[in-house]
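Heads up, the thing below is written out as structure tokens.
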Amino acid sequence: MVYHSTRNKALEVTGAQAIAQGIADDGGLFVPASIPELTAEDFNSLMFLSYAERAARLFELYLTDFTPEELRECTKAAYESGNFDTPAVQEIATLKDGCMLLELWHGPTCAFKDMALQILPHFLTRAAKKSGVDREIVILTATSGDTGKAALAGFQDVPGTRIMVFYPEDGVSSMQKRQMQTQEGENVRVCAVKGNFDDCQNGVKAIFTDPAMQKALADHGMQFSSANSINWGRLVPQIVYYVSAYVTMLERDILQPGQRFALTVPTGNFGNILAAWYAKQMGVPIQHLVCASNINNVLTDFIRTGEYNRKRDFHATVSPSMDILISSNLERLLYHMTHEDDAQIREWFTALKETGSYTIPRTLRDRIQAEFSGSFWDDTQTKAIIGKVFGENGYLSDTHTAVGICAARDYLAQTNEKLPMLIASTANPYKFGAAVLDAVDSVPADADEYEILDLLRKKTGMKIPTALAELRSKTVRFTDSVAQDAMVDYVKAQLGIA
Ligand SMILES: *Cc1c(COP(=O)(O)O)cnc(C)c1O
């Protein structure tokens, strides 16, 4: 399997190179030259295997320059060394209305990002060796809250790597901030940025693609890579959990072989839903993909009109991990759906950068609408559904998942098909405790994040994840905060290359 850049089809790299590099030099994203297809027999052969074994078999299709033994080592280390609080790694819960929730948050940082970021360091260190990189790898990450912590946890004290995380100062939940500020490890740095997630992401992209910076790093025996979902090494483990979820539904007789279902994904950077689309191309019988957004509804508008326009107000919401106006992974979808028209992708994404918008032709928009629909939900609706679902089922969902539940129910109400509905559940509710408590009870004005955990447990009986309860006794290590245009100097100073 080889990979191309979305902005240059002539560029060809191996899976290891795509992962080690993170993003192509031309600013494009690495995409597989073809998407492997699975037969009914292939799905059968994945039944009744452990998650780690399923994952290893699927990785073999995409990462052909890794040996099967190497892939097994990676999946064992990520998924079978006690880092997840359930041996199944992911769980499926069913609500009384029949909607199923694919719980992807049983990892060490309580959000779905762990599914990929527990394995990425294992891929990356092996990929670097394979592609002849003997330099220290510097992971530079922009986060809307969850990626940062999951990447820190994944890369903590991994030999040959350093990691630096930038998060929007006022754009993450207090629990997310705590999780990052208290991160342990010799090779980690965390810094707040005075701006929103897009500012962090743009700052990181600019540092990444700055030739002077790359040279300075090389001179010091270092090289950048990315832990954001622009890195193919993030997406391929996410494809795995959708294939695995389908196989689990077959095992449990929830679905018959080939039976179609709908899938809703609460979306920000378009990584998680894109992974679902790849799974669909591979043969998972997904009839329709519902892209759920909060009031940062740039994707809803795009799916409905064909115009992507980031020139709009940015809103801070109770689902901060989806407060994003530039959804990077859409570039990969458009590359595939234009039949790999790299010149067209360059034109649109240059326009997005320079003018803030681009518009796709109507025929392409229609084809996207045949596979995707989008809707968006505000904070009041998000909290209302958390309360309602808890009241009806005794099941507590986080704010991002709640946006997904709103969108899923709406889609089912609008269509008469009685499709089974799977919803990606992206975070443990305790991670966004204040908003969740507000949805099911009242929040005392002076309660801190730990009192909120206790109040939420008293109200719902749901277990507080150990990883969050433990934070209380951890020292805050990182309190730096910089402006977007000072990020580059911060990076230089931390790396000692100023
Ligand atoms: C990152 C995140 C999302 C959005 O996922 P994308 O891949 O960026 O679309 C949704 N919910 C939670 C809890 C997240 O951490």
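None of the figures in this text is laboratory data; all of them are computed from the coordinates on show. Only a predicted model underlies this, so the values are computations on that prediction, with no experimental measurement involved. Cβ: placed from backbone, ideal geometry, glycine included. Neighbour counts: every protein chain shown.
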Dipole magnitude of the stretch 15-153 about its Cα centre (Cβ charges: Lys, Arg +1; Asp, Glu -1), debye to nearest 20: 260
Lys, Arg +1 and Asp, Glu -1 on Cβ, resulting dipole of the stretch 1-86 about Cα centre, debye, nearest 20: 180
Net charge of neighbours whose Cβ lies under 10 Å from the Cβ of residue 433, counting Lys and Arg as +1 and Asp and Glu as -1: -3
Check which residues have an amide H placed less than 5 Å from residue 225's amide H, if you skip close sequence neighbours. 138, 139, 140
Relative contact order of the chain, defined on C-alpha pairs under 8 angstrom at six or more residues apart (%): 18
What is the stretch 333-390 by shape, rounded, prolate or oblate, if you read a ≥ b ≥ c off the alpha carbon gyration tensor as root eigenvalues and call it rounded for a/c under 1.5, prolate for a/b larger than b/c, and oblate otherwise? prolate
So how strong a dipole does the chain carry about its Cα centre when Lys and Arg Cβ are +1 and Asp and Glu Cβ are -1, to the nearest 20 debye? 180
Give the relative contact order (percent, whole number) for the stretch 63-203; include only Cα pairs under 8 Å separated by 6+ residues. 18
From the residues 168, 220, 241, which one has its Cα farthest along the dipole of the chain in the positive direction, the dipole being from +1 and -1 charges on Cβ of Lys/Arg and Asp/Glu about the Cα centre? 241
Just the ratio, please: alpha-carbon radius of gyration of the stretch 377-437 over 2.2 N^0.38 Å, N its number of residues. 1.11
Under the Karplus relation 6.51 cos²θ - 1.76 cosθ + 1.60, θ = phi - 60°, what is the ordered set of whole-Hz ³J(HN,Hα) values for the stretch 445-460, x standing for Gly and Pro? 4, 9, 6, 8, 5, 7, 4, 4, 4, 5, 4, 5, 5, 4, 6, 10
At residue 413 and residue 353, where each label point lies 7 Å from the Cα along Cα→Cβ, what is the point-to-point distance in nanometres? 4.2
Rounded, prolate or oblate: which fits the stretch 183-253, taking a ≥ b ≥ c as square roots of the Cα gyration tensor eigenvalues, rounded meaning a/c under 1.5, else prolate when a/b beats b/c? prolate
Taking only the alpha-carbon atoms of the stretch 404-498, the convex hull volume per residue, in cubic angstrom, is 223
Multiplying the sequence separation of residue 25 and residue 93 by 0.36 nm and subtracting their Cα-Cα distance, what value in nm do you get? 20.3 nm
With the crude spin-label approximation of a point 7 Å out along Cα→Cβ, what separation in nm comes out for residue 339 versus residue 454? 6.5
Using only the Cα atoms of the chain, build the gyration tensor, take square roots of its eigenvalues as a ≥ b ≥ c, and label the shape rounded, prolate or oblate: rounded if a/c is under 1.5, else prolate if a/b is larger than b/c, else oblate. rounded
Work through the residues other than residue 393 whose Cβ is under 11 Å from its Cβ and net out their charges, Lys, Arg +1 and Asp, Glu -1. 0
Rounded to the angstrom and largest first, Cα extents along the principal axes for the stretch 1-106 equal 49, 35, 30
How much length would be gained if the chain were fully extended between residue 60 and residue 370, taking 0.36 nm per residue of separation minus their Cα-Cα distance, in nm to one decimal? 108.6 nm
A chain fully extended from residue 498 to residue 312 at 0.36 nm per residue, minus the present Cα-Cα distance, gains in nm 63.3 nm
If you take the beta carbon distance between residue 252 and residue 37 as r and set R0 to 22 Å, what does 1/(1 + (r/R0)^6) give as a FRET efficiency, to the nearest 0.05? 0.35
Positive end of the charge dipole of the stretch 11-112 (Lys, Arg +1 and Asp, Glu -1 on Cβ, about the Cα centre): tell me which of 55, 21, 105 has its Cα farthest that way. 105
